[in-house]
Amino acid sequence: MRRYLFIFILLFALQSVSAVLHAQCSICTRTAQQQGERPAKALNGGILYLAATPFLIVSFIGYRWWKQNRD
């Protein structure tokens, strides 16, 4: 079970940091298209960075909870 959990977390992490992942809503996409290609990539990277932080915090809390309660 631990092995499958590790594989799942690893695959999720690899997917979330993928360069081709687009995390823009329709309004952000329209704004990015008006700015050009380079600013659009920077905007997309910023959105991914801001989205990853809460996931990492929740993952850390979940891991600590799981580790404490598994005994």
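The values are calculated or read from the model by the stated rules, or taken from the named source; none is laboratory data. Just so it is clear, the structure is predicted and the values come from calculations on it, not from any experiment. Reconstructed Cβ throughout: ideal geometry from the backbone, glycine too, with neighbour counts over all protein chains shown. Side chains included, ligands, DNA and RNA excluded: accessible areas come from the protein's heavy atoms. Shrake-Rupley method; radii C 1.70, N 1.55, O 1.52, S 1.80 Å.
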Could you work out how much longer the chain between Trp66 and Ala51 gets when fully extended? Use 0.36 nm per residue separation minus the Cα distance between them, nm to one decimal.
3.1 nm
Overall form of the chain per C-alpha gyration tensor (a/c, 1.5; a/b vs b/c):
prolate
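At 0.36 nm per residue, and after removing the present C-alpha to C-alpha distance, how many nm does the segment from Phe6 to Arg30 gain when stretched out fully? Write out the running numbers ahead of the final one.
Details: separation 24, 0.36 × 24 = 8.64 nm, distance 3.74 nm.
So the extension gain works out to 4.9 nm.
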Before I look further, what does the chain give for accessible area per residue, probe 1.4 Å, in whole square angstrom?
94
Assigning unit charges at the beta carbon (Lys, Arg +1; Asp, Glu -1) and nothing else, what dipole magnitude in debye, to the nearest 20, does the chain show about its Cα centre?
200
